[in-house]
Structures are given as structure tokens and as C-alpha cells.
């Protein structure tokens with residue numbers, strides 16, 4: 001139920017925090033109490049069942065409410081989470097039915113058990129290959145598959161093509177035994193071609209953090225011919241031959 005609300009808010013680029021999800025839940029319960037005389041404390045499960053069986057109707061209502069909210073809060077439209085030095089790997093993550101436990105157990109995954117997507121896609125296939133690469137590398141202490149939701153996950157600032165401030169969530173955070181931390185975004189095909197602004201933002205972030213003594217490195221990562229290639233320069237350049245790209249050595 002809460003995951004449905006999170007997805008509805010995230011689809012509108014609201015990057016919902018838990019308090020935002022809670023407010024929407026409360027509003028839904030209030031509606032049922034006022035309009036249908038269904039007390040939340042007595043029939044919570046029934047209310048959830050009704051909502052989940054009428055997802056489209058409630059999605060439309062949430063979207064309309066968000067539209068009105070954005071009109072009265074224009075500065076919030078593109079607001080996204082800025083991570084700071086206190087960010088940590090979350091203690092717990094909830095997954096929906098589109099994920100299942102990955103077996104056999106992954107050796108270096110900091111989240112155990114690890115849940116991967118069950119939906120076939122080129123993106124997930126690339127991520128799986130990179131996971132295998134990390135999990136079998138002796139220099140890796142642990143790796144974390146990042147997500148895309150509020151302050152739970154790690155976000156990096158960048159400027160979009162309109163030069164407006166945005167953030168994006170890197171795909172992988174990797175802690176190495178020598179103290180380095182890697183930030184990697186796996187790409188393939190057209191997703192690699194369109195990664196310019198995010199790649200530049202990531203490289204600027206890494207350079208800024210290095211000035212502060214952080215042992216960061218990373219970049220956009222693409223699989224080719226059994227190896228992973230990465231690009232760490234500004235501005236971002238991409239072609240099918242991966243000219244000026246380097247094999248990722250960790």
C-alpha cells in the first residue's frame with residue numbers, strides 16, 4: 001500500500017520522504033472516514049484493499065493533487081535530495097513483487113539477502129553483469145545497489161540541459177579495502193548516449209570531494225567485449241567505439 005503511494009509520488013518527480021507518504025496515507029484514510037464512514041482503526045485492511053483494487057482512480061487523484069500543489073509551490077517542482085557526509089547504507093529496504101532474492105548468496109553485497117528485479121530488461125542485464133564483476137573482485141569490501149527514492153538512497157547533484165539544478169541516483173556505491181569509495185552508473189546503448197549531463201555532474205562531484213580529502217572515484221560504466229569501460233573526463237563524450245574510454249581497473 002505504501003509502496004504504491006511512493007511510486008505514485010515518485011512518478012511525478014516528487015522524491016517522496018516518509019513524511020510525504022504518511023500525509024497521503026492520512027488523507028486517504030480521512031476521505032474514507034468522512035465520505036464513507038469507514039473508521040481507519042477498525043477497517044484499515046478493507047480500506048487498503050479498496051485502494052489497491054482501484055489503483056488507477058487513486059493515481060489520478062494523487063496526480064491531480066500534485067498538479068495543484070506544484071502550482072502553489074513552484075520552487076518545489078525540481079527539488080531533490082542533497083546527500084551529505086552523514087549518509088549511510090539503509091538498514092532496511094522494502095521490495096515489491098517485481099523483485100526476488102538472488103541465489104546463490106552474493107559474497108560482497110552489503111544488503112543480505114540481495115533482491116534483484118524479475119523484469120527482463122537490458123538495464124538489469126547490464127547491472128547483473130556489473131554485480132558479478134564486483135562480487136568476484138578481491139579488492140571489493142562491499143557493494144550497494146542504490147535505488148531512486150528520497151534520502152534513503154545516495155544522490156549526486158548535476159545541472160540538466162537547461163542548466164537547472166537536479167540530482168540523480170548512482171547505480172552502485174562500492175567500498176574498497178584500501179579505503180576508496182567508487183560511484184558507478186551502468187549504461188548501455190541509447191542510455192549511454194544520453195548520459196552527458198549526469199556524467200559531468202558526477203565527475204565534478206568527485207573532484208570536489210577529493211579536494212575535501214575524500215577518496216572517491218567512478219563514472220559511467222559500459223560493458224564491451226567482456227570488459228567494463230568508464231569515462232572520467234569533462235565534457236562527456238560517447239561513440240560506439242568508446243574512443244577515449246578506459247577499461248575500468250579497480
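If you take the beta carbon distance between residue 37 and residue 7 as r and set R0 to 25 Å, what does 1/(1 + (r/R0)^6) give as a FRET efficiency, to the nearest 0.05?
0.30
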Practice task
Report relative contact order for the chain in percent, whole number only (criteria: Cα-Cα under 8 Å, sequence separation at least 6).
Solution key: 13
Handout entry: Rounded to 5, percent antiparallel among DSSP beta bridges of the chain
Key = 75
Exercise for the section: Under a 10 Å cutoff between Cα atoms, tell me which one of 125, 139, 41 has the largest fluctuation in the Gaussian network model of the chain. Expected result: 41
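Over its Cα atoms, what ratio of radius of gyration to 2.2 N^0.38 Å does segment 177-245 give? Mind dumping the intermediate values first?
Working: Rg = 12.4 Å, N = 69, 2.2 N^0.38 = 11.0 Å.
Against the compact-globule rule of thumb, the ratio is 1.13.
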Problem - Angle in degrees between helix 55-72 and the longest Cα principal axis of the chain, rounded to the nearest 10 - result: 80
Practice task
With a point put 7 Å past each Cα toward its Cβ, work out how far residue 207 is from residue 132 in nm, to one decimal.
Solution key: 3.6
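What FRET efficiency comes out for the pair residue 237/residue 87, r = Cβ-Cβ distance, R0 = 22 Å, nearest 0.05? Walk me through the numbers on the way to the answer.
Values: r = 30 Å, r/R0 = 1.37.
That gives a FRET efficiency of 0.15.
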Exercise for the section: Take the Cα coordinates of segment 157-210, assign each an equal point scatterer, and use the Debye formula without solvent to give log10 I(q)/I(0) at q = 0.18 Å⁻¹. Expected result: -0.66
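Considering only segment 107-247, what is the antiparallel percent among its DSSP beta bridges, to the nearest 5? Please report the intermediate quantities before stating the final value.
Details: 21 of 28 bridges.
Bridges in segment 107-247 that DSSP calls antiparallel: roughly 75 percent.
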Practice task
Using R₀ = 35 Å, calculate the FRET efficiency as 1/(1 + (r/R₀)^6) where r is the Cβ-Cβ separation of residue 181 and residue 96; round to 0.05.
Solution key: 0.75
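Add -39500 (n - 2.57) for each DSSP H run of 4 or more in the chain, then divide by its residues: what number comes out at 222 nm, to the nearest 500 deg cm²/dmol? Write out the running numbers ahead of the final one.
Values: 7 runs with 94 residues, N = 250.
So the helix-based figure for the chain works out to -12000 deg cm²/dmol.
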Completion exercise
Subtracting the Cα-Cα distance of residue 23 and residue 68 from 0.36 nm times their residue separation yields 14.6 nm
Exercise for the section: Among 98, 63, 88, determine the one that fluctuates most according to a GNM of the chain built with springs between C-alpha atoms less than 10 Å apart. Expected result: 98
Handout entry: Helix 122-135 axis, angle to the chain major axis (alpha carbon atoms, nearest 10°)
Key = 60
Completion exercise
Nearest 10, in degrees from 0 to 90: the angle of helix 40-52 to the longest Cα principal axis of the chain is 60
Completion exercise
If one builds a Gaussian network model of the chain from Cα atoms under 10 Å apart, the most fluctuating residue listed among 180, 204, 45 is 45
Completion exercise
Calculating P(r) over Cα pairs in 10 Å bins from 0, in percent from this structure picks out, from (i) 7, 25, 27, 23, 13, 5, 1; (ii) 6, 20, 25, 24, 18, 6, 1; (iii) 6, 26, 32, 22, 11, 3, 0, entry (iii)
Completion exercise
Relative contact order of segment 107-247 (C-alpha contacts under 8 Å, at least 6 apart) in percent is 18
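Since every read-out is calculated from the coordinates, none of them should be taken as a lab result. Just so you know, these numbers come straight off a predicted model, no measurement behind them. Neighbour counts run over all protein chains shown; Cβ positions are idealised from the backbone, glycine included.
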